[in-house]
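The values are calculated or read from the model by the stated rules, or taken from the named source; none is laboratory data. Bear in mind the structure is a predicted one, so any value in this text is a computation, not a measurement. Here the Cβ positions follow ideal geometry from the backbone for every residue, glycine too, while neighbour counts run over all protein chains shown. Only protein heavy atoms, including side chains, enter the accessible area calculation; ligands, DNA and RNA are left aside. Shrake-Rupley method; radii C 1.70, N 1.55, O 1.52, S 1.80 Å.
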Amino acid sequence: MNNWVINQNDFDIQSKKFYESIFSLGNGYMGVRGFDEEEIRDAKHEINTFIAGVFDYYAPGKTDMVNSPNFWCTSIFVNGERFAPERGEILEYNKELNMREGILKRKLIWKNEQGNETLIETTRILSIDSIHNAVLSINITPVNYSGEIVIETGIDADIWNNIIDDDQVKTSTNFCRLFAEDGEAIHIDNIHIIRLKTTVTGLKIYEGFSSEVRHGGSILKLEQNIVQREKYVADKFTFPVAKGEVYTLNKFISVWTSRDKYAGSLEDQVLQSVKTAKDLGVAAMIKNHAAAWERKWRISDIEFVGDNKSQKAIRYNIFQLIQTNAENDPYVNIGARGLMHGRYKGCYFWDTEIFMLPFYIYTNPKAARNLLLYRYHTLNGAEENARRQNVEGARYPWMSAVDGLDQCDTWDIGLSEVHITADVAYAINHYYEATNDIEFMRDFGLEILIQTSRYWKSRFTYDSRKDCYNMLFVKGPNEYGGVVNNNLYTVMMAVHNMQLAKKFIKKIKTCYSEAYQLLAEKLGFKEDEVRQWDEIIEKVVINYDADKSLYLEDDNILNLEPLDLSSVKEGDRPLYRKICFDRLQRYRVLKQADVILLMLLLSDKFSTKEKLAAWNYYEPITAHDSSLSYGTHSAFAARLNMMEEAYKYFIKSVCLDLDNIMQNTQEEGIHFAALGASWQAVINGFCGIELEQGNLKINPHIPKQWEKVSFRMYYHQCLLKVSVSSKAISVTYEEGEPDELQITVANQPVLLLKCKEEIISIR
Ligand code: BGC
């Protein structure tokens, strides 16, 4: 079994959309759904090509991620018949995603209505070595005939956005085109460039390509025939073919936008970029791309011995996380469906900070820093959100795009799911503890912490009768819980946010007093404010049943009507598909982990007894109707040594898209938070990687299905290799600055020396 490859062996029209999601490719700069080259233009919304950070307004104040021209589009005609797998007959079929090298291949034999059998082999990459480039190569071999082949390959700019409603039960039929121009093409040196401009923001998107047909090692000298109509440009090649001979179409694509940094004109940039790729040729482009993937995998791979299903699935999760992250761009983030689908309009949620970010913190700290810088760069928007809600400071939006203003359409979610502000603060500290990047805290982190703490100060409401501060009208992570008072997750994360601000005010003031003074002046910050935060921290409302050691989700949970989940839940299908949200909020049923997630994030604030009490109370009533939930439950159970539950939930999370657990991968694309949650279940859950005040602790419990699990991680800029089996933990400090590193393994202090493996046995 090859655990690096995802296969589709049968061509089945019914599962087409599902595989289009699974076979999505990306390189951080752009992402494309896995639709085939010959796909015709009537399924408009499924032909998705997204470029990171390219949004435009479809209504005042409301953006969508702009669906950009399709650069794969290629039609093949065999003796006059247009190739389409659903016509004629497919005699053999295999589509495979090689995750190790980031290559998507398809191999099939198509028999047309005249009985001509043609072997078609396609190969495509979105280069992660040269992020503006994509390459397509198609081998065509006539199996049982000699005749004529026509290939038309180009760029199709007749592309529309399907504005998808935030409500998952609504079908969205609102199509709109976000381009001001019709994509007039220019042609220079056999390179064709389509030029577009978005309607409101006026962002320019230029896509160019050049193509060639090869036979027997050389380029065929064919008459160049350019097909051009509105919103479309293509090369058309007509040539005779002989039975058994291989003919190859190569296409070199380049995409640039006015968001990018370039010298000269955008046309010149695209031209140059296509030329460079073409000069290198397909083999070298693929080789460089695969080498870049190899470098990524060296740091990011997780190896399981003894569990093929988990092995392949975790690689798929990691593959998607890597290929969707614009690691060098501090002005973009990662959407809930990545760059692969228009659901949630490409918006960024807490999904990044709480679920995905840890993967980057430990495998690519620079990428993690840039993801957090996006929050710094949208701090103005967060301040504006707070002003619009008549509160102080900065309130991060539930759904964020270009400017940090809230993109959410539903008031009870957009305006009430305020915990995201504290999630951003939590993530900043997590990054700091794992990297020691104090300059980040000085230049960016502290400002966010102060502004968000100011928000919390004005978001709590003082109750003079009880001398306490209530967190009124909020929605916690459990979106079935309605708009409630004193949601524990929100309250405790807000308190944590203010405590972090206090901690870093002290730290930065001590280490960088001048920078601190400048920041205090810029924000008009007086230390008196800290006293107000202290008062709130002391007097927040926490619902706790001391007899049962049970933390309650909010003020309301005990008032709700009990619901026997097994009587209503059909498999893993979300309940909101059959019971409306209004009704759901009166049942004592959780959409997703809430208190459990809090206990995972702020683990040291709760005793084991309290964690077990929470598990026993909340686990049976959690529907896992959000993809974010399974991974959290897995990690939590693993930390409590409940291995069967931990593994069961891990499989649900890690196979969420590959096994279509939510039954919506076909319509919604890949669930990015679940990818990150699965990674955390392995690393922080089973392998027990934990930071306590910035000190690394490893305390694993691995399931019986794994003989061994190995991975690499960065800790304080040092690269460690960790292997865990049921008997021992091995840690090697592979690269980094200091000669030694102090960590804790299985509750024992361990001093790591550079390049020396330490083996700690587990009793
Ligand atoms: C979940 C949210 C999540 C959003 C985007 C919703 O279904 O309940 O927690 O942030 O999807 O993934």
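Checked against (1) crowded, with 19+ Cβ neighbours inside 10 Å; (2) within 16 Å of the ligand (Cβ to nearest atom), ILE698 passes all but a single condition, namely (2). Could you list all residues from the stretch 726-758 that are in contact (Cβ under 8 Å) with a residue 24 or more places away in the chain and over 20 Å from LEU691 (Cα atoms)? Hits for the stretch 726-758 are SER726, LYS727, ALA728, LYS756, GLU757.
Residues of the stretch 295-338 that are open to solvent by 40 Å² or more (accessible area, probe 1.4 Å) and within 16 Å of the ligand (Cβ to nearest atom): none at all.
Conditions tested, residue by residue: (1) assigned to a loop (DSSP other than H, G, I, E, B); (2) buried (at least 21 other Cβ atoms within 10 Å of the Cβ); (3) within 14 Å of the ligand (Cβ to nearest atom).
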position: ILE579; (1), (2), (3): yes, no, no
position: GLN592; (1), (2), (3): yes, yes, yes
position: ILE596; (1), (2), (3): no, yes, yes
position: MET599; (1), (2), (3): no, yes, no
position: ASP604; (1), (2), (3): no, no, no
position: ALA613; (1), (2), (3): no, no, no
position: GLU619; (1), (2), (3): no, no, no
position: ASP625; (1), (2), (3): yes, yes, yes
position: THR632; (1), (2), (3): no, yes, yes
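When the stretch 650-669 is filtered for residues that are away from the ligand (no atom under 16 Å from the Cβ), open to solvent by less than 10 Å² (accessible area, probe 1.4 Å) and part of a helix (DSSP H, G or I), the ones remaining, listed by number, are PHE650, VAL654.
Can you tell me which residue in the stretch 354-367 is farthest from the ligand (Cβ to nearest atom), limited to those that are farther than 14 Å from GLU433 by Cβ and within 14 Å of the chain's Cα centre (by Cα)? The residue in question is ALA367.
Any residue that is surrounded by fewer than 14 Cβ atoms within 10 Å (Cβ to Cβ) and either within 16 Å of the ligand (Cβ to nearest atom) or more than 30 Å from LYS62 (Cα to Cα) (or both) - is there at least one of those in the stretch 253-262? Checked against the condition, which is being surrounded by fewer than 14 Cβ atoms within 10 Å (Cβ to Cβ) and either within 16 Å of the ligand (Cβ to nearest atom) or more than 30 Å from LYS62 (Cα to Cα) (or both), the stretch 253-262 yields no hits at all. List the pairs whose first member sits in the stretch 693-711 and is part of a strand (DSSP E or B), whose second member is open to solvent by 60 Å² or more (accessible area, probe 1.4 Å) and of a type in the set (A, V, I, L, M), and whose Cβ atoms are under 9 Å apart, counting only residues at least 6 apart or on separate chains? Short answer, once both residue conditions are applied: LYS708/VAL305; VAL709/VAL305; SER710/VAL305.
Considering the stretch 399-462, the qualifying helices (runs of 4 or more DSSP H), each wholly inside and each with 3 or more residues that are more than 29 Å from ASP56 (Cβ to Cβ) and open to solvent by less than 30 Å² (accessible area, probe 1.4 Å), run over 419-435, 446-459. So for the stretch 368-376 (the condition being more than 28 Å from CYS687 (Cα to Cα) and within 16 Å of the ligand (Cβ to nearest atom)), does at least one residue qualify? Looking through the stretch 368-376, at least one residue is more than 28 Å from CYS687 (Cα to Cα) and within 16 Å of the ligand (Cβ to nearest atom). Restricting attention to the stretch 113-126, the residues that are surrounded by fewer than 23 Cβ atoms within 10 Å (Cβ to Cβ) and either in a loop (DSSP other than H, G, I, E, B) or of a type in the set (A, V, I, L, M) (or both) add up to 6. Anything in the stretch 188-210 that is in a loop (DSSP other than H, G, I, E, B) and under 17 Å from TYR262 (Cα atoms)? List them, or say none. Residue satisfying the conditions is LEU203 alone. Working only within the stretch 169-195, note down all residues that are within 30 Å of THR410 (Cα to Cα) and either surrounded by fewer than 16 Cβ atoms within 10 Å (Cβ to Cβ) or among the basic types (Lys, Arg) (or both). Matches in the stretch 169-195: VAL169, LYS170, THR171, SER172, THR173, ASN174, PHE175, CYS176, ARG177, ALA180. Please indicate, with yes or no, whether at least one residue in the stretch 94-104 is crowded, with 20+ Cβ neighbours inside 10 Å and without any contact (Cβ under 8 Å) to a residue 40 or more places away in the chain. Looking through the stretch 94-104, none of the residues is crowded, with 20+ Cβ neighbours inside 10 Å and without any contact (Cβ under 8 Å) to a residue 40 or more places away in the chain.
Only residues that are of a type outside the set (Ser, Thr, Tyr), open to solvent by 10 Å² or more (accessible area, probe 1.4 Å) and in a strand (DSSP E or B) were counted across the stretch 712-740, and they come to 6. Filtering the stretch 404-420 to residues that are within 14 Å of the ligand (Cβ to nearest atom) and either touching a residue at least 40 places away in the same chain (Cβ under 8 Å) or out of contact with any Leu (no Cβ under 8 Å at 6 or more places or on another chain) (or both) leaves GLN407, CYS408, ASP409, THR410, ASP412, ILE413, GLY414, SER416, GLU417, VAL418, HIS419, ILE420. Does LYS345 qualify as being within 22 Å of PHE23 (Cα to Cα), more than 13 Å from the chain's Cα centre (by Cα) and either within 16 Å of the ligand (Cβ to nearest atom) or outside any helix (DSSP H, G or I) (or both)? Yes; evaluated as a whole, the condition is true for this residue. For the stretch 463-489, a residue qualifies if it is away from the ligand (no atom under 16 Å from the Cβ) and either farther than 12 Å from ASN556 by Cβ or open to solvent by 10 Å² or more (accessible area, probe 1.4 Å) (or both), and the qualifying residues are ASP463, SER464, ARG465, LYS466, ASP467, CYS468, TYR469, ASN470, MET471, LEU472, PHE473, ASN485.
Can MET492 be described as crowded, with 24+ Cβ neighbours inside 10 Å and away from the ligand (no atom under 16 Å from the Cβ)? In short, no. Would you say LEU558 is surrounded by 15 or more Cβ atoms within 10 Å (Cβ to Cβ) and hydrophobic (A, V, I, L, M, F, W, C)? So LEU558 fails the test. Here is the figure for the stretch 457-477: residues that are without any contact (Cβ under 8 Å) to a residue 12 or more places away in the chain and among the small types (Gly, Ala, Ser) total 1.
On the stretch given as the stretch 457-487, residues that are among the hydrophobic types (A, V, I, L, M, F, W, C) and touching a Lys or Arg at 6+ places or on another chain (Cβ under 8 Å) total 4. Taking the stretch 706-763 as the range and being closer than 22 Å to SER310 by Cβ and touching a helix residue (DSSP H, G or I) at 6+ places or on another chain (Cβ under 6 Å) as the test, the residues that pass are ARG712, MET713.
Exactly one residue among ALA674, ALA681 is buried (at least 24 other Cβ atoms within 10 Å of the Cβ), within 12 Å of the ligand (Cβ to nearest atom) and closer than 16 Å to LYS312 by Cα, and that residue is ALA674. The C-beta contact set for the stretch 162-174 (first residue of a type in the set (Ser, Thr, Tyr), second residue part of a loop (DSSP other than H, G, I, E, B), distance under 9 angstrom, 6+ apart or interchain) comprises THR171/ASP165; SER172/ILE163; SER172/ILE164; SER172/ASP165; SER172/GLY342.
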